[in-house]
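Everything below concerns the one structure shown next.
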Amino acid sequence: MFDRVVKISVLSAPMQALTLKKASTEITVRPQMNVLIVSPFGSGKTTMLQDIEQLGLGVQIRDYTKAGLLFTISHGRLIKGSVFKGARKCILIDEFSRISPHLRDLLLDLLEEQISQRSIGKDMFQYTEEGEGYKIEVDGTWCKIKVQASWIITTMSFKKKRYEDIALISRCFPIYMQFDEEDAFDLIRGRYRVDFSNVKRHISDTRGAIVEVKEEHADIVMEAMKNTLKLRKVPSGYITRMFWDTLRIAAVYSCIDGTYETTKEHILEACRFLPAQATGFSSVSLKRSESIILSAIAKYRMISAVELREATGLSRETIKRAISRLRELNLIEPVHVGSTRYYRIRGDFFYGEDDNNNTAMF
């Protein structure tokens, strides 16, 4: 599931808007999905971010000063920071702890509303600049910037002690990953390297996209969320985040299919991410192998242990341990067909409704 969430985030970056159409009103929100990855050092986070940048899909932040990230005024001129290079791309932050508490406050606005505004100290000038995915407005003593981008933020630990930290996780799809000796050797073998080739192929499908979601599809998401929350409780404040991220995932699938309007199949596929997101909001961590197993089960709807070995390349013992823990966490459940035991996402009461769906490529 780890790989699929990251790919969805990258694909959502160049989109323009997501609109939920209701009978009496329309609600437009950012279509970009942000991701927070919490895992120990040496677990491959930095390599993954480098791969995204090298493919031209994202921009990594390396200057963590306010001037380097956002902007500065020098000799009456506004000098743009690196965040503007990430407009309509994925902005990558490798280790959140590097960012000062004050700068985190500014980032929270960019992550949620994609707008940040701050005083520049003295009356400077009137200035407006607009480019693909960004806008800058200077009016006297204030500067307002808007940057459309998705964000992938990594960190080694996350304790949610400060307001800014709690607010950050609420703006992201959270992924908590364990990393042990077995994972380390598998990483050295190249088993956990994320393949972004299909993302590179489909990024043009999402560029500038405006996607509409029907009210009836939003109702399906809420029904699926209630089903998920029966199995794993999360703080109530995160429920709205889960709702909109599920629509964002469905919107990406609609772009890949070329419909730019969600179908029931897109919604059902997106709903299969809900248990993993609820797990993240509960700060429960998964081994990389467990995440791979969970992703395969979500992709193939229902799959046996033998088929999992063929699909993932993991050993029989690794699969056995992963299935056992995923069942303990209420993430998957067994289904018997004849004498064969299959596994599916726990509470996936939509199974069988979209067997012809082709959107599960990620």
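The values are calculated or read from the model by the stated rules, or taken from the named source; none is laboratory data. Since the structure is predicted, the reported quantities are computational estimates derived from the model, not experimental observations. Quick reminder, even Gly has a Cβ in these numbers, built from the backbone with ideal geometry, and neighbours come from all protein chains shown.
Among the residues of the stretch 108-132, which ones are in contact (Cβ under 8 Å) with a residue 12 or more places away in the chain, in contact with a strand residue (DSSP E or B) (Cβ under 7 Å, 6 or more places away or on another chain) and within 30 Å of Gln50 (Cα to Cα)?
Across the stretch 108-132, the qualifying residues are Leu110, Leu111, Gln114, Ile115, Ser116, Gln117, Glu129.
For the stretch 226-255, enumerate the residues that are closer than 18 Å to Ala298 by Cα and β-branched (Val, Ile, Thr).
Thr228, Thr246, Ile249, Val252
Suppose we filter Asp219, Asp257 for residues that are without any contact (Cβ under 8 Å) to a residue 40 or more places away in the chain, among the acidic types (Asp, Glu), over 25 Å from Ile293 (Cβ atoms) and surrounded by fewer than 19 Cβ atoms within 10 Å (Cβ to Cβ); which single one remains?
Of Asp219, Asp257, the one residue that is without any contact (Cβ under 8 Å) to a residue 40 or more places away in the chain, among the acidic types (Asp, Glu), over 25 Å from Ile293 (Cβ atoms) and surrounded by fewer than 19 Cβ atoms within 10 Å (Cβ to Cβ) is Asp219.
Which residue out of Ile188, Ile203 is touching a Leu at 6+ places or on another chain (Cβ under 8 Å), more than 18 Å from Glu269 (Cα to Cα) and aliphatic (A, V, I, L, M)?
Only one candidate passes the filter, namely Ile203.
Give the residue that is surrounded by the most Cβ atoms within 10 Å (Cβ to Cβ), with candidates limited to residues of the stretch 50-72 that are modelled with pLDDT under 90 and among the polar types (S, T, N, Q).
Filtering the stretch 50-72 for residues that are modelled with pLDDT under 90 and among the polar types (S, T, N, Q), the one surrounded by the most Cβ atoms within 10 Å (Cβ to Cβ) comes out as Thr72.
Tell me, please, whether a residue that is over 16 Å from Ser324 (Cα atoms), in a helix (DSSP H, G or I) and of a type in the set (D, E, K, R) can be found in the stretch 292-309.
The answer is yes, given that some residue of the stretch 292-309 is over 16 Å from Ser324 (Cα atoms), in a helix (DSSP H, G or I) and of a type in the set (D, E, K, R).
Restricting attention to the stretch 202-218, does a residue exist that is assigned to a helix (DSSP H, G or I), under 17 Å from the mean Cα position of the chain (by Cα) and among the hydrophobic types (A, V, I, L, M, F, W, C)? Please lay out each step first, then the result.
Quick first cut of the stretch 202-218, residues assigned to a helix (DSSP H, G or I) only: 202-206, 215-218.
When the remaining residues are screened for being under 17 Å from the mean Cα position of the chain (by Cα), the result is 202-203, 206.
Still in the list and also among the hydrophobic types (A, V, I, L, M, F, W, C): 203.
Yes: one or more hits.
Considering only the stretch 14-22, I want to know if a residue exists there that is hydroxyl-bearing (Ser, Thr, Tyr), touching a helix residue (DSSP H, G or I) at 6+ places or on another chain (Cβ under 8 Å) and closer than 25 Å to Phe243 by Cα.
Checked the stretch 14-22: no residue is hydroxyl-bearing (Ser, Thr, Tyr), touching a helix residue (DSSP H, G or I) at 6+ places or on another chain (Cβ under 8 Å) and closer than 25 Å to Phe243 by Cα.
Give the residues of the stretch 17-49 that are modelled with pLDDT under 95, of a type outside the set (Val, Ile, Thr) and in a loop (DSSP other than H, G, I, E, B), sorted by residue number.
Lys22, Ala23, Ser24, Arg30, Ser39, Pro40, Phe41, Gly42, Ser43, Gly44
Helices (runs of 4 or more DSSP H) wholly in the stretch 222-282 with at least 2 residues that are within 24 Å of Ile210 (Cβ to Cβ) and modelled with pLDDT of 90 or more - which ones?
239-257, 264-271
Could you please give the count of residues in the stretch 57-79 that are closer than 19 Å to Ser150 by Cβ and either without any contact (Cβ under 8 Å) to a residue 12 or more places away in the chain or charged (D, E, K, R) (or both)?
Residues meeting the conditions: 1.
Considering only the stretch 280-291, state which residues are out of contact with any Phe, Trp or Tyr (no Cβ under 8 Å at 6 or more places or on another chain) and buried (at least 23 other Cβ atoms within 10 Å of the Cβ).
Ser289, Glu290, listed by residue number.
Counting only residues that are charged (D, E, K, R), give me the strands (runs of 3 or more DSSP E) lying completely in the stretch 61-151 with at least 3 of them. Steps first, please.
Details: elements: 71-74, 77-80, 90-94, 115-119, 125-131, 134-140, 142-147.
Because the criterion is at least 3 residues that are charged (D, E, K, R), the strands (runs of 3 or more DSSP E) in the stretch 61-151 that meet it are 134-140.
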